[in-house]
Amino acid sequence: MRDVAKITQNLMLAQPASYKGNALGLARMWAHECHRVWLDRLLFPEDVNAYMNFMRNGLKELVEFKEEQIFEEPLIYTSFIAMCKGHEPSYKPVEEIDELKQVLENKLAEYNETVSSMDLVLFNQAMEHITRIARILFQPCGNGLLVGVGGSGKQSLSKLTSFILNQEVFRIVVASNYGIGDLKTDLQILLKKTGVSGLETLFLLTDSQIVDDKFLVFINDILSAGYIPELFAPDEIDEILGKIRGEAKSMGCLDAPEHLMNFFINKVRKNLHMGLCFSPVGDTFRFRARMFPAIINCTSIDWFHAWPRDALVGVANRFLANIEFPSEEIREAIANHMANVHLSIDDANTEFKNRERRFNYTTPTSFLELISFYEKLLGEK
């Protein structure tokens, strides 16, 4: 039922006028929402094939359109394109990838000028992840679980998406002596920011910042209930309720402590979005997901798979642009060779796993290190 609610929640964002007499458009939007709720959770090809068979059989019973019409690419829906053009948010399909890329490049340039410099290459897969993250963060109580190896862009794309949606990014600074008390202090600031001030905020948390698994007790409570028991002292609760009393009464809330507290919690859940950036490498992620079920049950999952070939070539070309080559053909050949090297290591990793029953990983970070090493060696020679 929770998954069905997620589909309905985004379907209700659509403007009725856009789909009056447009049955195909409505079917495509329904297929997109099913992809985001279920397909994004799947990792193995056999699971993806089973899901697509269910979708095909379901569509045959519901609509008369051909499969190619419903799943025609790009099958992407988002609200922020209308927002970036100065209109009210409207959940519409992306007609052309070039239009999406232009909007994102403009927002990236604005981010680099106003916040901090972030050197991103917006290849197709990265843009799709931005639309998925935006879909999660745009909804009240929208929390995302972004799973991928280190360097795959989870944090960078999340920060850009929050900037596009005019949301603040909240992060904890973990030092060697950072403990439970420090985390509780940071969470108090976060809940006051979202529940009293009403600022929409993305709490970006990585698995490397979880130095103690007890941290996840608080994260589990926020995801499942929106509040952490005994986080605030009684006098702090009285102060919070005093600050929101006027707003709560104007919204029809009774002037009683329990009603005001519920108003505060609902406001936190509406404005606070969790962005959990976890790595699937090793057993840590599996153990944590088993011990703290809200990590899986109360989030929308987005798997960051390995970069495709076109992404590798595009990234290589971006970083090789500062090097002067005799011709553009040589630059392109080197970029393609770097992609081939990286992909060949993936094949070797598969063979290594089959032979030795051990895992070895290549990450986007290792690909960037390859480019950096080439630049350094070329300069020395």
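Residues of region 351-365 that are at pLDDT 85 or above and among the polar types (S, T, N, Q): Asn354 alone. Within region 191-209, residues that are touching a residue at least 60 places away in the same chain (Cβ under 8 Å) reach partners that are among the aromatic types (Phe, Trp, Tyr) and buried (at least 18 other Cβ atoms within 10 Å of the Cβ) with beta carbons closer than 6 Å, at six or more positions or on different chains, in the pairs Gly195/Phe264; Thr201/Phe170; Phe203/Phe170; Asp207/Phe278.
Among (1) more than 25 Å from Phe304 (Cβ to Cβ); (2) without any contact (Cβ under 8 Å) to a residue 60 or more places away in the chain; (3) small (Gly, Ala, Ser), where does Gly226 come up short? Among (1) more than 25 Å from Phe304 (Cβ to Cβ); (2) without any contact (Cβ under 8 Å) to a residue 60 or more places away in the chain; (3) small (Gly, Ala, Ser), Gly226 violates only (2). Scan region 309-328 and give yes if some residue there is crowded, with 18+ Cβ neighbours inside 10 Å, under 24 Å from the mean Cα position of the chain (by Cα) and outside any helix (DSSP H, G or I), otherwise no. No, every residue in region 309-328 fails to be crowded, with 18+ Cβ neighbours inside 10 Å, under 24 Å from the mean Cα position of the chain (by Cα) and outside any helix (DSSP H, G or I).
Grab the helices (runs of 4 or more DSSP H) fully contained in region 3-91, keeping just those with 3 or more residues being open to solvent by less than 90 Å² (accessible area, probe 1.4 Å) and of a type in the set (Gly, Ala, Ser). It would help to see each step written out before you state the result.
Values: elements: 16-19, 23-37, 45-62, 67-70, 80-84.
Once the helices (runs of 4 or more DSSP H) in region 3-91 are filtered for at least 3 residues that are open to solvent by less than 90 Å² (accessible area, probe 1.4 Å) and of a type in the set (Gly, Ala, Ser), what remains is 23-37.
Quick one: Val313 ticks every box in (1) out of contact with any Phe, Trp or Tyr (no Cβ under 6 Å at 6 or more places or on another chain); (2) closer than 30 Å to Arg41 by Cβ; (3) at pLDDT below 90 bar one, so which box is it? Single failed check for Val313: (3).
For region 174-199, how many residues are within 21 Å of Phe232 (Cα to Cα), assigned to a loop (DSSP other than H, G, I, E, B) and not hydroxyl-bearing (Ser, Thr, Tyr)?
Number satisfying all stated conditions: 4.
Can you pull out the residues in region 222-250 that are of a type in the set (A, V, I, L, M), surrounded by 11 or more Cβ atoms within 10 Å (Cβ to Cβ) and part of a loop (DSSP other than H, G, I, E, B)? Walk me through how you get there before you give the answer.
Let us first name the residues in region 222-250 that are of a type in the set (A, V, I, L, M), namely 222-223, 225, 228, 231, 233, 237, 240-241, 244, 248.
If we keep only those that are surrounded by 11 or more Cβ atoms within 10 Å (Cβ to Cβ) as well, we get 222-223, 225, 228, 231, 237, 240-241, 244, 248.
Listed by number, the residues that qualify are Ile228, Leu231.
In region 290-308, of all residues being open to solvent by less than 30 Å² (accessible area, probe 1.4 Å) and of a type outside the set (A, V, I, L, M), the one that is farthest from Ile228 (Cα to Cα) corresponds to Phe304. The residues in region 270-300 that are among the hydrophobic types (A, V, I, L, M, F, W, C) and in contact with a Pro (Cβ under 7 Å, 6 or more places away or on another chain) can be counted, and the count is 0.
Are any residues in region 115-151 in contact with a Pro (Cβ under 9 Å, 6 or more places away or on another chain) and open to solvent by less than 10 Å² (accessible area, probe 1.4 Å), and if so, which ones? Listed by number, the residues that qualify are Val147, Gly148. Among the residues examined, Asp98 does not qualify as of a type in the set (Asp, Glu), under 22 Å from the mean Cα position of the chain (by Cα) and either assigned to a loop (DSSP other than H, G, I, E, B) or surrounded by 13 or more Cβ atoms within 10 Å (Cβ to Cβ) (or both). Residues that are touching a Ser or Thr at 6+ places or on another chain (Cβ under 6 Å), in a helix (DSSP H, G or I) and crowded, with 20+ Cβ neighbours inside 10 Å: does region 260-279 have at least one? Checked region 260-279: at least one residue is touching a Ser or Thr at 6+ places or on another chain (Cβ under 6 Å), in a helix (DSSP H, G or I) and crowded, with 20+ Cβ neighbours inside 10 Å. Being open to solvent by 20 Å² or more (accessible area, probe 1.4 Å) and either in a helix (DSSP H, G or I) or closer than 23 Å to Leu120 by Cα (or both) holds for only one residue in Phe287, Phe359, Phe367, and it is Phe287. Each residue in region 186-198 was checked for being over 14 Å from Lys267 (Cα atoms) and open to solvent by 70 Å² or more (accessible area, probe 1.4 Å), and 1 pass.
The values are calculated or read from the model by the stated rules, or taken from the named source; none is laboratory data. Bear in mind that the values here come from a model prediction, so they are computed numbers and not experimental data. Here the Cβ is made from the backbone with ideal geometry for all residues, glycine too, and neighbour counts use every protein chain on show. Calculation scope for accessible area: heavy atoms of the full protein, side chains included, ligands and nucleic acids excluded. Shrake-Rupley method; radii C 1.70, N 1.55, O 1.52, S 1.80 Å.
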